[in-house]
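The values are calculated or read from the model by the stated rules, or taken from the named source; none is laboratory data. Note that the structure is predicted; figures quoted are calculated from it, not measured. Quick reminder, even Gly has a Cβ in these numbers, built from the backbone with ideal geometry, and neighbours come from all protein chains shown. All accessible areas refer to the heavy atoms of the entire protein, side chains included, with ligands and DNA or RNA removed. Shrake-Rupley method; radii C 1.70, N 1.55, O 1.52, S 1.80 Å.
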Amino acid sequence: MKPEEVLIISNGVKKEAGVLALSIGEYMKEKGIRCTSLVTMSDSDDITIPYSADFVISLGGDGTVLYVARKVHEMGLPILPVNLGSFGFITEVGKDEWKEAFERYVDYGDNLSRRLMLKVSVMRKRKKIFSSYALNEATISSSGTSKVVKLELDLDNTYAGLFKADGLIVATPTGSTGYSLAAGGPILMADISAFIITPICPFTLSNRPLVTGSETYCTIKVKEGQRTNIVLSVDGQASIELEEGDEVNIEKSRSKALLVLSHKRNYVEVIRDKLNWSGEMHA
């Protein structure tokens, strides 16, 4: 379906973003499509998404897409993530491929991936003090020098255990190739409807990553007697300092991130090449 108005959101730190945004704008004008552009300098910028926009092009890297997804997913806007560096796990469309990916979406619509997102909230003394969404993960960990924290995990109001670790990660399938993977979590195919709960360097070796259905309601409680400050980080961008007694609630978001992909490579090819699954030794 041909969009009526395209919104370009560029990472202003990337020098190429401005030039490419102008080129995309000229193309859209030739096609009779209205085009507006916004520039962000950090993942904390507060931008206003015009209600008239019905398609978004993200210019940057994976971090830019995570930022954009949190801004537009509730509006149901498709996002074309264009990578201005090497291919990312999410931004698999190269700067020379955006036109083909866009035209494929307009003509066929078969390169749209619907990605599960997390809804994250913090309760303190029975009051909600923070809420956000995540495309990759929510992480609870020490805010300073790495120290063991004590976190209680409940799944669907059932006590699942006390974790003594550097932290806990709750990741989506999209986020399974990010921080969760570095912490020893599994890789999930992007279209699976599930969460990954991954302990970070657990004190007890029996604490292993857990894959659970996306309908599961996760509650992580910050236990008393912590020896370090604790922070909740959402997609490595939005964050809040936690206190003893706080509860972090994580559930499936009702809305999904809609990502327009390249038809030149699929998810398996991306992870194969990024992780060097060649059967050879890698330093």
Using a 1.4 Å probe on heavy atoms of the protein chains only, the accessible area for ARG70 in Å², nearest 10, reads 40 Å²
Rounded to the nearest whole number, the per residue volume of the convex hull around the C-alpha atoms of the stretch 61-146 in Å³ is 124 Å³
Taking r as the C-beta separation of MET123 and LEU205 and R0 as 35 Å, the FRET efficiency to the nearest 0.05 is 0.65
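Given the -39500 (n - 2.57) contribution per DSSP H run of 4+ residues, what per-residue ellipticity at 222 nm results for the chain, rounded to the nearest 500 deg cm²/dmol?
On the way: 5 runs with 49 residues, N = 283.
Dividing the helical sum by the residues of the chain leaves -5000 deg cm²/dmol.
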For the stretch 1-57 the GluC sites (Glu not before Pro) that pass both the DSSP coil test and the at-most-12 other-Cβ-within-10 Å test are GLU4
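If ASP43, ASP273, ASP166 are ordered by their accessible area, calculated over protein heavy atoms with a 1.4 Å probe, which sequence runs from highest to lowest? All intermediate terms of the calculation are to be shown ahead of the outcome.
Values: ASP43 70, ASP273 95, ASP166 35 Å².
Most to least solvent-accessible, the answer reads ASP273, ASP43, ASP166.
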Note on the chain: contact order normalised by length, alpha-carbon pairs under 8 Å, 6 or more apart, percent, works out to 19 percent
Note: the chain, point scatterers on Cα, Debye, no solvent; log10 I/I(0) at q = 0.07, 0.09, 0.14 Å⁻¹ equals -0.27, -0.45, -1.00
Counting only protein heavy atoms with a 1.4 Å probe and every protein chain in place, the carbon and sulfur fraction of the accessible surface of the chain in whole percent equals 49 percent
Quick note, the stretch 2-59: a/c under 1.5 would make it rounded; otherwise a/b > b/c is prolate and the rest oblate (a ≥ b ≥ c, C-alpha gyration tensor); here it is oblate
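Which trypsin sites (Lys or Arg not before Pro) does the stretch 127-212 hold that lie in a coil by DSSP with at most 16 other beta carbons within 10 Å?
Working: sites: LYS127, LYS128, LYS147, LYS150, LYS164; in loops: LYS147.
Passing sites in the stretch 127-212 are LYS147.
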Descending packing, highest mean Cβ count within 10 Å first, for 74-82, 135-143 is 135-143, 74-82
Tilt, helix 98-107 to longest principal axis of the chain (alpha-carbon atoms), in degrees rounded to tens, equals 80 degrees
Probe 1.4 Å, heavy atoms of protein chains only: per residue, the accessible area of the chain in Å² is 49 Å²
